[in-house]
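Below is one structure, written out as C-alpha cells, with a few remarks after it.
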Amino acid sequence: MKKTFLAFLVLLIATISCKKSSSPAETAQNYMDLTSGTTRQYQTTNNLTAVVTTNTITSTNRDSTINSKSYHVFSNNNGAGNEYYNITGNDYYTFRSLGAALGNLTVESVYLKANAAVNASWNEIVNLPFAGVPGGTVPVTLTYIIAEKGISRTVNSIAYTNVIRVTTTIAVTGLPPGSVTTDIQSYYAPKAGLIESKNKIVVPLLTTNVDQNTILLQ
C-alpha cells in the first residue's frame, strides 16, 4: 500500500502541475492553449531535497478521441510521455496513464471549472489497484474547490490578473480522518493557463511525502 500510494501521489502532482495556457484563437478568458507549436516552460522546486528541475511542454498538431471527447496532444521533454487535454464548455479535462506502478490505470479528470462560483466544488474517485483488500482496489477521493476568482498574482516577476485559484484535497477510504493532510493550490490565468502550483501532501504512515512548488517561466 505504501509504494502504491506514494506512486499515486507523485503522479497526481505531475497531473496537477502541468496544465497549459489559453489559446489566442479562443476567448480572452480561456485557460488552455490548443495552438500547435505553443510551448511553456515550467520550473519545479522540491522543497524536501532543494532539487530544481525544468520541463518544456509543447502543443503538437495532433488530436486523439478518448471517451468520446477530442483531446489535444501535448509532448513533454521530461520523458513522461504525451499528455492529453480537452475543453468542453467551461470544463477543462486531462487524461493520462498512471503508469506500470499503478497497473497502467488511466484517469480522466476535470481539473478546472472556469465558470464555477467561489466555493463551488466537485469530486473525483480514483480506484487504486491494491492486492489484499476487498475488491482489489482502494478508493481515493479528490475534491476540487474554487477558492478564489478574479485575483491578481505575480509569478516570476510577471503580474497576472483575473486569476482562479483551485484547492485540491485528498481522502483515502479505509484510513482514519487526518491520515492525509494536503495543501494543494493551483493558480490559472487567462492567456497563460497554469502559472503556479503549490503541492504539499503529508501522510504520517509514509516516510516519504510530497512538498514542491511549480512556476511558469515563459
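The numbers here are math on the coordinates, done by the rules we state, and not lab data. The model shown is predicted, which means the values in this text are computed figures rather than measured ones. Cβ sites come from the backbone with ideal geometry, for glycine too, and all protein chains shown count toward neighbours.
Packing around the peptides 163-174, 49-60, taken as the average count of other Cβ atoms within 10 Å per residue, puts them in this order, highest first: 163-174, 49-60. Once the C-beta distance of Ala171 and Gln218 is scaled by a Förster radius of 41 Å, the resulting FRET efficiency is 0.70 to the nearest 0.05. Close amide H contacts of Phe130 (hydrogens built in the peptide plane, cut-off under 5 Å, sequence separation of 5 or more or a different chain): Thr137, Val138. For the cross-link pairs Lys113/Lys198; Lys69/Lys191; Lys113/Lys191, which exceed 21 Å when the distance is taken from alpha carbon to alpha carbon? Check vs 21 Å cut-off fails for Lys69/Lys191. Once Lys and Arg get +1 and Asp and Glu get -1 on their Cβ, which of Gly150, Pro177, Tyr187 lies farthest toward the positive end of the dipole of the stretch 113-214? Most positive-ward Cα: Gly150. Packing here is the average count of other Cβ atoms within 10 Å per residue, and on that basis the peptides 136-146, 116-126, 179-189, highest first, run 179-189, 136-146, 116-126. Placing dummy labels 7 Å off each Cα toward the beta-carbon, the span from Thr143 to Val51 is 3.3 nm.
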